[in-house]
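Have a look at the structure below, then the notes.
Values quoted throughout were computed directly from the atomic coordinates according to the rules given, and no laboratory measurement underlies them. Bear in mind the structure is a predicted one, so any value in this text is a computation, not a measurement. Quick reminder, even Gly has a Cβ in these numbers, built from the backbone with ideal geometry, and neighbours come from all protein chains shown.
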């Protein structure tokens, strides 16, 4: 059987043409597809911002997490990771969720200039869920990186408070003393001295508590802090049997509007204790007979 000339090539030519057209069309369409995908990913970040602006914090967090899942290598990944961590901690109060993102940020972006801020937020999240040891560890890691003295003192005060909450009073005093080592006359120093006074009192170290309370009285600008320190001083003076001095402190205080009779009652209590103490003291013996 004779084949018509070109019969085999006639059947293959349309296939070849279709293949050529498909390759050409793909070459034309591929940049558009990629561009559309990029716009979609960029759109997730924009949608997250819109959701946050409208108060839809869960929606904003979910969109950020979707962005990170789909494009983990994006040049916006660090920014979005920090954004979702902030939303989870500040707006949703979902601290465990925020902690996961902050740890991932540290792992993925170890040279980021935002790392100190991330560690600070991580410490604050640990503090919020009472994971004191982890919070202290983050603060201690962060402290050597802080150049500003007042910021270092603020972070050291946070560490001291964590030890106080853990009831590790000995270490708490050590940390509070670091806060006041250079300055005692600012807000940080006043807060640290007040805690030192309170801890010393709890440990029956009344002579050591008195100067701490006095530092607060001398330097506090907040009337309530000053009042707390004065009442603490009164308690210490009473415990070391300095009744007249305790009463003198109370007499120099302004009445509390919420309890105007409280100072009068406290003075009466101290005078009664003083009277009982005097009555219990043995009378001196006159051996001369005069």
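Brief remarks follow.
- Calculated FRET efficiency for the pair residue 280/residue 90, C-beta based, R₀ 51 Å, to 0.05: 0.30
- For the range 212-271: rounded, prolate or oblate by the Cα gyration tensor [a/c cutoff 1.5]: oblate
- Distance between modelled label sites at residue 169 and residue 46, nm, 7 Å Cα→Cβ extension: 6.1
- Subtracting the Cα-Cα distance of residue 137 and residue 53 from 0.36 nm times their residue separation leaves 26.8 nm of extension gain.
- From the alpha carbon centroid of the range 115-152 to that of the range 185-213 is 24 Å.
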